[in-house]
Amino acid sequence: MAFRFREFQVYKDAKEFNRSIISATGPLKGTVGHELQSQIRRASISIVLNIAEGSDKGSDKDFNRHLRLALGSLNEVVAGLDIAHDSGMLSESVFSKSIKAAEELALQLGGFSKHLTNK
């Protein structure tokens, strides 16, 4: 298959996480809110794109490096959500749901990374 990343569950879940982040950050208002919304969304997209890009690298070591970059972007999303929540721009329920989804995706990315390291 030319685009093997499309079969990985972590890729599918990262796309779903991205959709949920777009929805969760919809209510961010004002100049700071719009800037934060843009940054969080770009970081969320970066997760998906790093999985895709890394899957076509020549080695598991290179793929693993991209999975680690995806984890870095996920941390960026969580930090942005923290700031939005602390500033009163995100409700507790939206924040909690997003953090739970981020934790689940982090476990998947970490597990996939570990798998590649141990091959």
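None of the figures in this text is laboratory data; all of them are computed from the coordinates on show. Everything numeric in this text was worked out from a predicted model, so none of it was measured. Reconstructed Cβ throughout: ideal geometry from the backbone, glycine too, with neighbour counts over all protein chains shown.
Placing dummy labels 7 Å off each Cα toward the beta-carbon, the span from F3 to N75 is 3.0 nm. When the C-alpha to C-alpha distance is required to be over 30 Å, the pairs from K29/K97; K15/K119; K15/K114; K29/K61; K29/K114; K57/K97 that qualify are K29/K61; K29/K114; K57/K97. Fully extending the segment from E35 to S93 would add 18.7 nm, taking 0.36 nm per residue of separation and subtracting the current Cα-Cα distance.
Shape annotation for the stretch 1-100: C-alpha extents along the principal axes are 44, 20, 19 Å, from largest to smallest. Applying both filters, DSSP loop and at most 16 other Cβ atoms within 10 Å, to the trypsin sites (Lys or Arg not before Pro) of the stretch 52-115 gives K57.
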